[in-house]
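Here the structure is laid out as structure tokens; the discussion comes afterwards.
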Amino acid sequence: MTYVIAEPCIDIKDKSCIEECPVDCIYEGDRMLYIQPDECVDCGACEPVCPVEAIYYEDDVPSQWKEFGGANGEFFVELGSPGGASKVGATKNDPAMIKAMPVKSGE
């Protein structure tokens, strides 16, 4: 089990969660952030600091955002498990589902 970042993060990318993560497993895509499931230690430090409440334990993702678990996994298909997001930096590697979402403006 791991944590998943859902729809509220799209086009927000506050990054408070990145600062709290003790294992550097939160990676930055073009439009949102993603948690590397093999690197996450399930500590939960990221969840309470998210200002838009986008981070959920995998089993607790609200039903309207269940597909974000798959999108999270898809983000890492090519990237793999590099052993830390700070080594990689921001990427343009968002899954097709995320790229197709309407752009949020004025938030």
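The values are calculated or read from the model by the stated rules, or taken from the named source; none is laboratory data. Please read all numbers here as calculations on a predicted model, not as lab measurements. Counting neighbours? That spans all protein chains shown, and the Cβs are built from the backbone with ideal geometry, glycine included.
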Completion exercise
Among residues of the stretch 54-66 being farther than 17 Å from ASP42 by Cα and surrounded by fewer than 16 Cβ atoms within 10 Å (Cβ to Cβ), the residue nearest to the chain's Cα centre (by Cα) is LYS66
Completion exercise
If you go through GLU53, GLU74, GLU78, GLU39, the only one that is part of a loop (DSSP other than H, G, I, E, B), acidic (Asp, Glu) and farther than 13 Å from ALA6 by Cβ is GLU39
Problem - Residues of the stretch 67-97 satisfying the condition of being under 12 Å from the mean Cα position of the chain (by Cα), of a type in the set (Asp, Glu) and either farther than 12 Å from CYS9 by Cβ or surrounded by fewer than 15 Cβ atoms within 10 Å (Cβ to Cβ) (or both) - result: GLU74
Exercise for the section: Answer with yes or no whether LYS87 is at pLDDT below 95 and part of a helix (DSSP H, G or I). Expected result: yes
Fill in the blank from the handout: Condition set of a type in the set (A, V, I, L, M, F, W, C) and within 10 Å of the chain's Cα centre (by Cα), scope the stretch 19-45, selection farthest from ASP94 (Cα to Cα): answer is CYS25
